[in-house]
Amino acid sequence: MDYERPTLGGHPGPAGLDSHPGAVDNHSDSWSPMTAPSAHSSSVTAGRIRLAYDEALGPVLSAGNAFPCRSRVAYGDWLAQTYHYVFHTSRLIALAASRCDAHHDAFHRRLVEYLGEEKDHDLLLLDDLAALGYSLDEFPEDPLTAAFWQVDYYRVEHQTPLALFGRSLLLEGAAAERGSLMAEVVADAHGEKAASFLRVHGEEDPGHVERAFATLEGVEEAEATVIAAALTQSGVLYRGMLDNIRRRAGH
Ligand SMILES: [Fe+2]
């Protein structure tokens with residue numbers, strides 16, 4: 001695989017690299033997860049994340065069920081939009097891992113592992129697009145796709161690096177529930193070579209979800225609030241992205 005990396009402008013790059021590696025909020029005097037008292041037990045805060053996960057995942061799975069993945073243009077657009085945000089996944093994980101201080105060492109170690117697990121997944125999407133007969137520049141980035149990854153840079157930089165678990169839980173939960181099924185449908189409609197991204201995630205992500213929840217058992221209340229909000233917002237943005245793809249494809 002030898003691709004010329006497309007230019008995906010718009011992100012100014014990580015700021016404040018010389019700042020404290022933990023969560024920082026430069027814009028509020030009321031939010032500081034590193035010092036916030038934890039009013040609930042860790043299992044209660046983890047339960048809040050589980051609730052947000054269930055509430056966000058259900059509508060995303062329904063939208064996925066209705067998605068016309070047998071349509072070549074709709075599936076091609078989905079691959080391209082997925083590439084546009086997956087391009088940022090390894091960058092966001094590396095950024096979040098760098099922001100975890102000693103108090104968050106378990107999260108740092110999980111994020112470093114996660115970085116390895118996501119290696120080259122962006123290239124799978126370009127392979128699948130090529131197998132479908134498309135190139136990336138045939139599908140410009142949707143504004144909601146851009147919002148989907150842009151908000152995570154804000155959360156990691158200005159709220160807490162643990163915020164990244166919101167988006168990853170939603171996507172890995174969806175892949176665990178539907179990835180293998182969607183891979184079968186896509187392989188039947190477009191050929192196995194066009195289904196590698198879905199195939200990999202349908203096989204690998206079920207284990208990732210429970211590992212993420214196990215890591216989050218020790219999360220503090222203020223951090224759980226951000227992760228739950230990230231889950232909810234990610235679900236809304238992802239469903240909007242699917243709606244826009246369907247509209248463009250005429251479905
Ligand atoms: Fe991945």
ARG167: passes all of (1) within 16 Å of the ligand (Cβ to nearest atom); (2) surrounded by fewer than 23 Cβ atoms within 10 Å (Cβ to Cβ) but (2)
Report yes if some residue within segment 125-147 is touching an Asp or Glu at 6+ places or on another chain (Cβ under 7 Å), in contact (Cβ under 8 Å) with a residue 24 or more places away in the chain, part of a helix (DSSP H, G or I) and more than 13 Å from the ligand (Cβ to nearest atom); otherwise report no. no
Only one of GLU113, GLU55 is assigned to a helix (DSSP H, G or I), within 25 Å of ARG199 (Cβ to Cβ) and either at pLDDT 95 or above or not small (Gly, Ala, Ser) (or both); which? GLU113
Among the numbered conditions (1) part of a helix (DSSP H, G or I); (2) surrounded by fewer than 16 Cβ atoms within 10 Å (Cβ to Cβ); (3) of a type in the set (D, E, K, R), tell me where ARG70 comes up short. (1)
Counted residues, segment 202-211 - those being touching a residue at least 60 places away in the same chain (Cβ under 8 Å) and either within 12 Å of the ligand (Cβ to nearest atom) or crowded, with 19+ Cβ neighbours inside 10 Å (or both): 2
Right, ALA176: modelled with pLDDT under 95, of a type in the set (Gly, Ala, Ser), out of contact with any strand residue (DSSP E or B) (no Cβ under 7 Å at 6 or more places or on another chain) and within 16 Å of the ligand (Cβ to nearest atom) or not? yes
From the list ARG199, ARG247, which residue is more than 16 Å from the ligand (Cβ to nearest atom) and more than 21 Å from LEU92 (Cα to Cα)? ARG247
List, please: which pairs have Cβ atoms under 7 Å, are six or more places apart or on different chains, and start with a residue in segment 150-174 that is within 9 Å of ALA96 (Cα to Cα) and end with one that is assigned to a helix (DSSP H, G or I) and among the acidic types (Asp, Glu)? THR160/GLU223; LEU162/GLU223; ALA163/ASP152; LEU164/ASP152
Can you tell me which residue in segment 212-244 is nearest to the ligand (Cβ to nearest atom), limited to those that are small (Gly, Ala, Ser) and under 16 Å from the mean Cα position of the chain (by Cα)? ALA212
Residue by residue through segment 90-148, note down the ones that are among the hydrophobic types (A, V, I, L, M, F, W, C), closer than 18 Å to ALA212 by Cα and either touching a strand residue (DSSP E or B) at 6+ places or on another chain (Cβ under 6 Å) or surrounded by fewer than 20 Cβ atoms within 10 Å (Cβ to Cβ) (or both). ALA94, ALA106, VAL112, LEU115
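The values are calculated or read from the model by the stated rules, or taken from the named source; none is laboratory data. Since the structure is predicted, the reported quantities are computational estimates derived from the model, not experimental observations. Here Cβ is always computed from backbone atoms with ideal geometry, including for glycine, and neighbour counts include all displayed protein chains.
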